[in-house]
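Participant: Sharing a structure below in C-alpha cells format, with a few things to ask.
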Amino acid sequence: MRIILLRHGQSLGNVDELAYCRIPDHALPLTGTGEDEARAAGPTIKALIGDSPVAAYVSPYTRTRHTFDLLGIEAERIVTEPRVREQDWGNLQDPVQQEVLKHQRHAFGHFFFRLPNGESGADVDDRVAAFLDGLEVRLHQDESHPKTVLVVSHGLTIRLLCRRLFDWSIDLFESLSNPDTCENRVLDHNGTGWRLDRPFDQWRDSPDGTVQHPV
C-alpha cells in the first residue's frame, strides 16, 4: 500500500498575503508559476503510481483541485475530501488583524492557537484523524479500493497527516517546515506499519529533543 501526499502548486496567497483580505481562501487560484509546477509534477506522480490503479482524495479548494487536474492523472476514484482542506482562518481577513494573529500564533504555538472564527491546528488534527481512520479501513478491508492513494492537500494538513500516522509529538510537529509547493512525500506500508520516504525540513530543534527522521 502506498499514500502519496502532494501539496498544491503556488497560489495567489503564497505570493500576495493581502489576497486573503479580498478573496475567500477556498477560492484562491494558482498563479502561472503554480500551474507550471503542477504540470511539471505530473510525470513524477505518474512514476510513483506506476501501473497501479489509484484513488485520489483532493481538498475542495480551487488551488488543490486545479493542481490535480493539471497533473494529468487518470484515477480510478476521485473524491473531493473536505477533511484534508487547509486550516480555516475564518472568512475574509483584515490585513492589520492578520499580522497580529500571525505573531500571536507563532508565540502561542501553531497546534493549539485557535484563530478567531477559524480553527486551531488541533482541530485540523482531529479531522485528519477521522479521514485516516476511514482510509485505513478501506485500504485493509475493501478489496475494490486501489492500494495506491494520492492526497492533494495543503502544507500544514500534510504535516498533520504524518503526525497522526507516526504519532509524532506536538513539539516535533511544531518544529517542521511545510513541504514546498507541489512537493510530495511518499508513505509505504511494509505489512506492519507506514514508512516515510524522506523527512521534512526542520526550521528549529524540537523542544522535547525529538530528532526528525524517516519512520
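Participant: Between Ala130 and Ala107, what is the label-point separation in nm under the 7 Å Cα-to-beta-carbon projection?
Facilitator: With each label point 7 Å from Cα toward Cβ, the separation is 3.3 nm.
Participant: Could you check the simple spin-label distance between Arg114 and Asp201, using points 7 Å along Cα→Cβ, in nm with one decimal?
Facilitator: In this crude label model, Arg114 to Asp201 measures out at 3.3 nm.
Participant: Rolling a 1.4 angstrom probe over the protein chains, ignoring ligands and nucleic acids, what is the accessible area of Glu35 in square angstrom, nearest 10?
Facilitator: Using a 1.4 Å probe on the heavy atoms, I get roughly 50 Å².
Participant: Tell me, how many Å apart are the Cα centres for segment 1-69 and for segment 151-188?
Facilitator: Each part's Cα centre sits 15 Å from the other's.
Participant: Enter the accessible area per residue of the chain (Å², integer; probe 1.4 Å; all protein chains in place). All intermediate terms of the calculation are to be shown ahead of the outcome.
Facilitator: On the way: 10050 Å² over 215 residues.
Per residue, the chain has 47 Å² of solvent-accessible surface.
Participant: While we're here: How large is the Kirkwood hydrodynamic radius of segment 91-204, in angstrom, based on all distinct alpha carbon pairs?
Facilitator: 15.8 Å
Participant: Further, regarding this structure: Report, in debye and to the nearest 20, how large the dipole of segment 40-199 comes out about its Cα centre when Lys and Arg carry +1 and Asp and Glu carry -1 on their Cβ.
Facilitator: 140 debye
Participant: Once phi is turned into ³J(HN,Hα) by the Karplus curve 6.51 cos²θ - 1.76 cosθ + 1.60 with θ = phi - 60°, what whole-Hz value does each residue of segment 147-161 show in order, with x for glycine and proline?
Facilitator: Whole-Hz 3J(HN,Hα) from phi for segment 147-161: 8, 10, 10, 10, 10, 9, 9, 10, x, 5, 5, 5, 4, 6, 4.
Participant: Would you mind estimating how fast segment 2-196 diffuses translationally, via Stokes-Einstein at 20 °C and 1.002 mPa s with the Kirkwood radius over Cα pairs, in µm²/s? Before the final figure, lay out the partial values.
Facilitator: On the way: Rh = 17.2 Å.
In µm²/s, the coefficient rounds to 124.
Participant: Would you kindly find the accessible area of Lys147, with a 1.4 Å probe and non-protein molecules such as ligands, DNA and RNA excluded, rounding to the nearest 10 Å²?
Facilitator: The accessible area of Lys147 comes to roughly 70 Å².
Participant: On a 1.4 Å probe surface of the protein chains, which of His189, His26, His66 comes out largest in accessible area, and what is the full order?
Facilitator: Numbers: His189 35, His26 105, His66 60 Å².
Listed by decreasing accessible area, they come as His26, His66, His189.
Participant: Then there's this: So for the pair Ser169, Asp94, with labels modelled 7 Å out along Cα→Cβ, what separation do we get in nm?
Facilitator: 3.8 nm
The values are calculated or read from the model by the stated rules, or taken from the named source; none is laboratory data. The structure displayed is predicted, hence computed values, not measured ones. In this analysis, Cβ positions are derived from the backbone assuming ideal geometry, glycine residues included, and neighbour counts consider all displayed protein chains. Each accessible area value is taken on the protein alone, full model and side chains, heavy atoms only, with ligands, DNA and RNA left out. Shrake-Rupley method; radii C 1.70, N 1.55, O 1.52, S 1.80 Å.
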